[in-house]
C-alpha cells in the first residue's frame, strides 16, 4: 500500500509504539480468561496492614489474548507510609509447555534434549507425546531456528511450514523470568511512580504477569498500578 500523503505531498507519519491493528487499552486489572472478560480479573493492587512490616506480597495477572505492554504508573497511598526502602517489581513468567505421553506413538510432537530440558518438535501423527496447542507457551527464538509459528494477534500456535527456521519454540521447562522493573524504589513523597518507555513488550496469553511489592517501612499502605497496553479488541467481553 502506498504511503499516505497530505495535500502538500508530505508523507503522513503517526508516532505510536503499538503494532498496526492494535488499540489502546489503559487498565488496572487482568482478564478473566475463561469468559474472556477483559480487565475483569485480578487487580494490580496490593494492601499492607500496619503490622506487615518486612513483608513481600505478589499478585499474578492473566490476559486472555496477546497484549503489548508499553508503560504505566504506580500509585501508593498514603504517601507518608512509604519510603525509598520499599520497592516494586514487574516480571513475566514463561512457564513450561505441558505435554503428555502418547504410548501408541500417534502423538503430535516429539522431544529433543537441550540444556535445561527438551525442545518440543512437531510430529505428524507419529510422535511419542501430545501437546495441547491451546496451552502451548511460545518462546521466541532469537536466531529464528524455531519449529512453531504464533499468530501475533490471537496467540494461536501451529507447527511451522519451515521447521528449524520459525520464530518460536516450545519447551518442556520454564525459562528464566523476564523482568521489566526491578526493585523500583517507592516513597517519592507525592505518592506516584511514573515510568516512560519508547517500545512495547509482547505478552502471550499463556504467560503470567507478576506484580511484586516489598514494604519495609512502618505503617499501613496500599499500592496500585495502571498500565498502557495495546490489544486487538477493546470491548470488555
Handout entry: Candidate set from the stretch 79-97 (those that are surrounded by fewer than 15 Cβ atoms within 10 Å (Cβ to Cβ) and out of contact with any strand residue (DSSP E or B) (no Cβ under 6 Å at 6 or more places or on another chain)); member that is farthest from residue 133 (Cα to Cα)
Key = 80
Handout entry: Criterion (within 24 Å of the chain's Cα centre (by Cα) and over 15 Å from residue 216 (Cα atoms)) met by exactly one of 47, 97, 56
Key = 97
Fill in the blank from the handout: Residues of the stretch 52-69 being more than 15 Å from residue 30 (Cα to Cα) and at pLDDT 95 or above, in sequence order, are 52, 54, 55, 56, 57
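Report, by residue number, each residue of the stretch 51-68 that is surrounded by fewer than 21 Cβ atoms within 10 Å (Cβ to Cβ) and either touching a strand residue (DSSP E or B) at 6+ places or on another chain (Cβ under 9 Å) or assigned by TED's automatic domain parsing to the domain that holds residue 134 (or both).
Let us first name the residues in the stretch 51-68 that are surrounded by fewer than 21 Cβ atoms within 10 Å (Cβ to Cβ), namely 51-60, 62, 65, 68.
Once the filter is applied, which keeps residues that are surrounded by fewer than 21 Cβ atoms within 10 Å (Cβ to Cβ) and either touching a strand residue (DSSP E or B) at 6+ places or on another chain (Cβ under 9 Å) or assigned by TED's automatic domain parsing to the domain that holds residue 134 (or both), the stretch 51-68 yields 52, 53, 54, 55, 56, 57, 58, 59, 60, 62, 65, 68.
Residues are listed down the side, and each one gets a yes or a no for (1) within 19 Å of residue 46 (Cα to Cα); (2) surrounded by fewer than 16 Cβ atoms within 10 Å (Cβ to Cβ); (3) in the same structural domain as residue 63 (by TED's automatic domain parsing); (4) modelled with pLDDT under 95:
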{"residue": "155", "(1), (2), (3), (4)": "no, no, no, no"}
{"residue": "160", "(1), (2), (3), (4)": "no, no, no, no"}
{"residue": "163", "(1), (2), (3), (4)": "no, yes, no, no"}
{"residue": "184", "(1), (2), (3), (4)": "yes, yes, yes, no"}
{"residue": "189", "(1), (2), (3), (4)": "yes, yes, yes, yes"}
{"residue": "198", "(1), (2), (3), (4)": "no, yes, yes, yes"}
{"residue": "211", "(1), (2), (3), (4)": "yes, no, yes, no"}
{"residue": "221", "(1), (2), (3), (4)": "yes, no, yes, no"}
{"residue": "224", "(1), (2), (3), (4)": "yes, no, yes, no"}
Fill in the blank from the handout: Note on the stretch 42-78: residues over 30 Å from residue 134 (Cα atoms) and not in a strand (DSSP E or B) are 49, 50, 51, 52, 53, 54, 78
Exercise for the section: Report yes if some residue within the stretch 11-31 is assigned by TED's automatic domain parsing to the domain that holds residue 201, modelled with pLDDT of 95 or more and out of contact with any strand residue (DSSP E or B) (no Cβ under 8 Å at 6 or more places or on another chain); otherwise report no. Expected result: no
Problem - Qualifying residue in the stretch 71-94 (condition: outside the structural domain of residue 120 (by TED's automatic domain parsing), free of Cβ contacts under 8 Å to residues at least 24 places away in the same chain and farther than 28 Å from residue 116 by Cβ) - result: no
Fill in the blank from the handout: Conditions (1) part of a strand (DSSP E or B); (2) modelled with pLDDT under 95 -> residue 1 fails only (1)
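Just checking, how many residues over the stretch 125-152 are loosely packed, with under 14 Cβ neighbours inside 10 Å and at negative phi?
The number of residues fulfilling the criteria is 8.
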Practice task
Scan the stretch 167-174 and give yes if some residue there is out of contact with any helix residue (DSSP H, G or I) (no Cβ under 7 Å at 6 or more places or on another chain) and modelled with pLDDT under 95, otherwise no.
Solution key: no
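The values are calculated or read from the model by the stated rules, or taken from the named source; none is laboratory data. Nothing here was measured: the structure is a model prediction, and the numbers come from that model. Using ideal geometry, Cβ is built from the backbone for each residue, glycine included, and neighbour counts are taken over all protein chains shown.
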